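Here the structure comes first, spelled out in structure tokens, and everything after it is commentary.
The values are calculated or read from the model by the stated rules, or taken from the named source; none is laboratory data. The shown structure was predicted, so the numbers you read here are calculated from the model rather than taken from an experiment. Positions of Cβ are backbone-derived with ideal geometry, glycine not excepted, and every protein chain shown enters the neighbour counts.
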Amino acid sequence: MDLHVHTIYSDGSSEPRAMIDKAVALGIKDLGITDHYGGLERYSIVSIARLDEYIAELTRLKQLYQAKIDVWVGLETAVLDDLPFSQLNKLDYVVFEDIEMNPRLGYFVSQVRPNLRIPVGMAHPQILLLEKSIDILEKEGIFIELNTHYSDRYRGNWARTVWNKLASKDIRISVASDAHDVRRVGDTGDAIRFIGENNLSEKVWLPKKNQRG
């Protein structure tokens with residue numbers, strides 16, 4: 001699985017179809033495309049019209065490839081204000097950046113999460129910063145991402161204490177490469193090894209298996 005890749009809709013260099021074809025060739029069963037929303041136009045989707053186009057194309061590809069692979073329509077954003085919730089709720093999930101700690105986490109939980117009927121997660125979180133947020137993650141059904149582009153954020157002795165606490169809670173974990181071109185699609189081996197090393201296989205999150213929406 002690989003639940004966080006980018007395409008030319010944001011700062012990726014490959015077409016969505018090329019990313020899907022590469023995933024199929026690798027035997028990947030679940031591919032999540034999560035282009036950026038908000039920020040600079042050259043790196044992100046910034047208009048509602050472009051977001052609608054993105055959702056429409058990925059939904060079409062999802063249906064086209066359904067016999068070969070599960071394609072999931074996602075989005076990555078650091079934006080917490082003025083979000084287009086009607087569009088976001090058409091997605092399979094959204095991952096949010098930089099919400100590990102208050103006040104952003106508190107704002108997210110009170111002002112953003114109640115408006116979303118879809119699963120939400122933290123994009124490449126710094127695990128060390130989650131220690132005081134574990135109960136909130138569990139209560140709100142927020143999954144966290146093992147992102148191999150930022151493997152230093154989840155590996156290392158400094159994170160072990162937090163991982164022990166996370167493992168005791170009903171908090172799900174997604175697996176991601178953060179690929180920005182076809183060459184890194186499916187580069188999730190380190191995250192999968194980490195899950196095996198730490199007996200976290202029962203925590204693995206997939207959109208079709210998620211119970212929060």
(Q) So, in segment 161-199, exactly how many residues are touching a residue at least 24 places away in the same chain (Cβ under 8 Å) and closer than 19 Å to residue 129 by Cβ? (A) 16
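Evaluate the following for residue 150: is it within 19 Å of residue 3 (Cα to Cα), free of Cβ contacts under 8 Å to residues at least 40 places away in the same chain, not in a loop (DSSP other than H, G, I, E, B) and not β-branched (Val, Ile, Thr)? Can you show your working first?
Numbers: within 19 Å of residue 3 (Cα to Cα): yes; free of Cβ contacts under 8 Å to residues at least 40 places away in the same chain: yes; not in a loop (DSSP other than H, G, I, E, B): yes; not β-branched (Val, Ile, Thr): yes.
Considered against the rule, which asks whether it is within 19 Å of residue 3 (Cα to Cα), free of Cβ contacts under 8 Å to residues at least 40 places away in the same chain, not in a loop (DSSP other than H, G, I, E, B) and not β-branched (Val, Ile, Thr), residue 150 comes out as yes.
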Q) For segment 157-209, what are the residues that are assigned to a helix (DSSP H, G or I) and aliphatic (A, V, I, L, M)? A) 159, 162, 166, 167, 182, 191, 192, 195
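Go through 201, 174 for me and flag whichever is buried (at least 18 other Cβ atoms within 10 Å of the Cβ) and either within 18 Å of the chain's Cα centre (by Cα) or modelled with pLDDT of 95 or more (or both).
Checking each option against the conditions leaves just 174.
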Q: Go through segment 11-56 residue by residue and tally those that are in a loop (DSSP other than H, G, I, E, B), within 29 Å of residue 192 (Cβ to Cβ) and touching a residue at least 40 places away in the same chain (Cβ under 8 Å).
A: 6
Q) So which residues in segment 79-99 are more than 15 Å from residue 47 (Cα to Cα) and either modelled with pLDDT under 95 or out of contact with any Leu (no Cβ under 7 Å at 6 or more places or on another chain) (or both)? A) 80, 90, 92, 93, 95, 96, 97, 98
